[in-house]
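J.: Okay, here's the structure, questions in a sec.
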Amino acid sequence: MRKLICKAPGIAELAGYEDLPIRPNEVKVRVLFASPKHGTEIADFRGTTPFIDGKYDPEWQIFKNRDEDEPRGLEYGDLPLGNMFVGIIIEAGENVTDYRIGDRVCSYGSIRETQIVNAVGNYRLRKMKADDSERNAVCYDPAQFALGGIRDANVRAGDNVAVIGLGAIGQIAVQLAAKAGAANVIAIDPIPKRREIALKHGAHFALDPVSCDAGLEIKRLTGKAGADSIIETSGSVNALQTSLKGLAYGGIISYLAFAKPFPAGLWLGQEAHFNYGRIVFSRAGSEPNPEYPRWSRKRIEDVSWELLMNGYLDCEDIIDPIVDFDDCAEGFKKYVDLEPDLSIKLGIAFRRDK
């Protein structure tokens with residue numbers, strides 16, 4: 001068996017492994033399709049994540065440095081890559097009652113030929129029907145953050161909404177805003193293919209922030225009113241400045257990006273000072289969220305999964321390109337690391353005849 005690992009920062013390769021025997025509460029899954037993350041995972045791959053030498057302290061609610069004698073947050077050499085998988089259960093432990101051999105399932109996991117997963121009381125091991133879309137399924141994770149961001153931005157029917165950054169999260173946010181009845185959905189990204197897909201799936205306008213003053217264009221397209229809600233997923237300092245300029249008076253910026261330190265250039269004067277804007281740092285995985293206890297992480301996940309499986313969301317164009325598992329190390333390096341403008345969310349297909 002083989003799995004995709006990060007051998008060292010910037011180096012992906014396929015490595016061999018052997019499965020352990022499954023426990024009574026576990027199932028073994030033969031993987032058919034998988035996908036990595038393109039945001040936080042690339043920071044791990046490049047060795048730039050703050051979690052290597054730092055950690056989030058939930059008691060103090062701050063980031064702090066790890067002690068010298070404490071293990072690092074990431075250890076390279078056998079670091080797994082990947083986020084979601086779809087496959088078929090081929091073995092089940094004696095205590096497993098909710099799943100059976102032959103069930104098609106989706107869950108979190110790295111990119112490898114088999115997965116061993118807890119199958120007792122694990123709602124994240126999602127059952128799939130034979131005709132459910134595997135491309136939609138591997139968007140389970142980004143859909144949660146898109147839904148959380150849309151809710152944190154208080155998007156409502158009739159609103160003007162801008163979405164900046166059209167990766168998987170941004171693309172799904174475009175669809176959610178359009179289906180919520182937004183009067184104008186303005187999609188913003190420098191990559192033409194991403195803008196085309198956003199227009200296909202509900203955006204009314206698409207802007208290239210490199211060739212125009214996108215903040216000013218948001219105001220122009222909304223009759224000078226600005227965007228009631230802006231979903232910012234890119235983490236770019238220029239995108240945040242655009243958001244502040246294009247935001248309506250009293251509007252909300254739902255900031256989803258896990259941003260790097262900003263260089264000089266962010267100016268919190270001008271529009272930010274005059275227009276009473278609000279920035280909400282949105283993260284669906286942080287609990288309790290602002291709507292707790294009515295909305296929890298589990299409810300966000302349940303709703304996201306239902307919207308993906310019932311066809312309300314369409315992620316067929318988001319999973320692009322798709323490479324064979326045999327070529328996934330090169331594919332990860334090319335489409336996730338070196339040339340991310342060629343992809344939105346990479347799909348990895350495993351041979352079905354094994």
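J.: From Ala146, Ala187, Ala177, Ala157, which residue is out of contact with any helix residue (DSSP H, G or I) (no Cβ under 9 Å at 6 or more places or on another chain), more than 23 Å from Gly93 (Cα to Cα) and among the aliphatic types (A, V, I, L, M)?
T.: Ala157 is the lone residue from the list that is out of contact with any helix residue (DSSP H, G or I) (no Cβ under 9 Å at 6 or more places or on another chain), more than 23 Å from Gly93 (Cα to Cα) and among the aliphatic types (A, V, I, L, M).
J.: Right, something else. Do we find a residue being modelled with pLDDT under 95, assigned to a loop (DSSP other than H, G, I, E, B), within 21 Å of the chain's Cα centre (by Cα) and within 30 Å of Gly235 (Cβ to Cβ) anywhere in the range 28-37?
T.: So in the range 28-37, the residues modelled with pLDDT under 95 come out as 37.
Of the ones still in play, those that are also assigned to a loop (DSSP other than H, G, I, E, B) are 37.
Still in the list and also within 21 Å of the chain's Cα centre (by Cα): 37.
Then drop every residue that is not within 30 Å of Gly235 (Cβ to Cβ), which leaves 37.
Looking through the range 28-37, at least one residue is modelled with pLDDT under 95, assigned to a loop (DSSP other than H, G, I, E, B), within 21 Å of the chain's Cα centre (by Cα) and within 30 Å of Gly235 (Cβ to Cβ).
J.: Continuing with this model, one more query. Within the range 30-60, restricting attention to residues that are of a type in the set (A, V, I, L, M, F, W, C) and out of contact with any Leu (no Cβ under 9 Å at 6 or more places or on another chain), which residue is farthest from Gly331 (Cα to Cα)?
T.: Residues of the range 30-60 that are of a type in the set (A, V, I, L, M, F, W, C), as a first pass: 31-34, 42-43, 45, 51-52, 60.
Narrowing the set further to residues that are out of contact with any Leu (no Cβ under 9 Å at 6 or more places or on another chain) leaves 31-33, 42-43, 60.
On the way: Val31: 18, Leu32: 17, Phe33: 14, Ile42: 13, Ala43: 17, Trp60: 40 Å.
Checked the range 30-60; the qualifying residue farthest from Gly331 (Cα to Cα) is Trp60.
J.: I'm trying to understand the selection: among the residues of the range 53-107, which are charged (D, E, K, R) and touching a strand residue (DSSP E or B) at 6+ places or on another chain (Cβ under 8 Å)?
T.: The initial filter retains those residues of the range 53-107 that are charged (D, E, K, R), namely 53, 55, 57, 59, 64, 66-70, 72, 75, 78, 91, 94, 98, 100, 103-104.
Once the filter is applied, which keeps residues that are charged (D, E, K, R) and touching a strand residue (DSSP E or B) at 6+ places or on another chain (Cβ under 8 Å), the range 53-107 yields Asp53, Lys55, Asp57, Lys64, Arg66, Asp78, Glu91, Arg100, Asp103, Arg104.
J.: Given the criteria at pLDDT 95 or above, over 27 Å from the mean Cα position of the chain (by Cα), surrounded by 14 or more Cβ atoms within 10 Å (Cβ to Cβ) and part of a loop (DSSP other than H, G, I, E, B), does Ala203 qualify?
T.: Details: at pLDDT 95 or above: yes; over 27 Å from the mean Cα position of the chain (by Cα): no; surrounded by 14 or more Cβ atoms within 10 Å (Cβ to Cβ): yes; part of a loop (DSSP other than H, G, I, E, B): yes.
Criteria not met by Ala203.
J.: Restricting to the range 15-41, give me the number of residues that are surrounded by fewer than 17 Cβ atoms within 10 Å (Cβ to Cβ) and within 21 Å of Ser343 (Cβ to Cβ).
T.: Within the range 15-41, residues that are surrounded by fewer than 17 Cβ atoms within 10 Å (Cβ to Cβ) and within 21 Å of Ser343 (Cβ to Cβ) number 1.
J.: Also, I was wondering about something else. For the range 105-129: of the residues being touching a residue at least 60 places away in the same chain (Cβ under 8 Å), part of a strand (DSSP E or B) and among the charged types (D, E, K, R), which is nearest to Leu14 (Cα to Cα)?
T.: Arg112
J.: I would also like to ask the following. Write out, first by first residue and then by second, each pair whose Cβ atoms fall under 7 Å of each other, whose residues are 6+ apart or on separate chains, and whose first residue, in the range 1-26, is within 28 Å of His38 (Cβ to Cβ) while the second is exposed (fewer than 15 other Cβ atoms within 10 Å of the Cβ) and basic (Lys, Arg).
T.: Between residues of the range 1-26 that are within 28 Å of His38 (Cβ to Cβ) and residues that are exposed (fewer than 15 other Cβ atoms within 10 Å of the Cβ) and basic (Lys, Arg), the close pairs are Pro9/Arg46; Gly10/Arg46; Glu13/Lys7.
J.: Could you figure out which of (1) assigned to a loop (DSSP other than H, G, I, E, B); (2) in contact with a helix residue (DSSP H, G or I) (Cβ under 9 Å, 6 or more places away or on another chain) isn't true of Ser211?
T.: (2)
J.: Of the residues that sit in the range 268-306 and are in a loop (DSSP other than H, G, I, E, B) and in contact with a strand residue (DSSP E or B) (Cβ under 9 Å, 6 or more places away or on another chain), which one is surrounded by the most Cβ atoms within 10 Å (Cβ to Cβ)? Give the steps one after another, and end with the answer.
T.: To start, the set of residues in the range 268-306 that are in a loop (DSSP other than H, G, I, E, B) comprises 268-269, 275-277, 282-296.
Among the residues that remain, those that are also in contact with a strand residue (DSSP E or B) (Cβ under 9 Å, 6 or more places away or on another chain) are: 275-277, 282, 290.
Values: Asn275: 15, Tyr276: 11, Gly277: 21, Ser282: 25, Pro290: 11.
So, considering only residues that are in a loop (DSSP other than H, G, I, E, B) and in contact with a strand residue (DSSP E or B) (Cβ under 9 Å, 6 or more places away or on another chain), the one surrounded by the most Cβ atoms within 10 Å (Cβ to Cβ) is Ser282.
J.: Restricting attention to the range 51-76, report how many residues are over 16 Å from Lys260 (Cα atoms), of a type outside the set (Asp, Glu) and in a loop (DSSP other than H, G, I, E, B).
T.: So the answer is 9.
J.: Can you run down the residue pairs with Cβ atoms below 9 Å, 6 or more apart or on separate chains, where the first is in the range 279-300 and free of Cβ contacts under 8 Å to residues at least 60 places away in the same chain and farther than 10 Å from Asp152 by Cβ and the partner is acidic (Asp, Glu) and crowded, with 16+ Cβ neighbours inside 10 Å?
T.: So the pair list comes out as Ile279/Glu232.
J.: Sticking with this structure for a sec: I'd like the full set of residues that are under 30 Å from Phe51 (Cα atoms), part of a loop (DSSP other than H, G, I, E, B) and at pLDDT 95 or above, limited to the range 221-256. Step through it out loud before you land on a result.
T.: Residues of the range 221-256 under 30 Å from Phe51 (Cα atoms): 230-244, 252-256.
This time we only want the ones that are part of a loop (DSSP other than H, G, I, E, B), so: 233-236, 256.
Correct list: Thr233, Ser234, Leu256.
J.: Of all residues being more than 18 Å from the chain's Cα centre (by Cα) and part of a helix (DSSP H, G or I) in the range 159-195, which is surrounded by the most Cβ atoms within 10 Å (Cβ to Cβ)? Just the residue, please.
T.: That would be Ala178.
The values are calculated or read from the model by the stated rules, or taken from the named source; none is laboratory data. Since the structure is predicted, the reported quantities are computational estimates derived from the model, not experimental observations. A quick note on method: Cβ atoms are made from the backbone with ideal geometry, for glycine too, and the neighbour counts reach across all protein chains shown.
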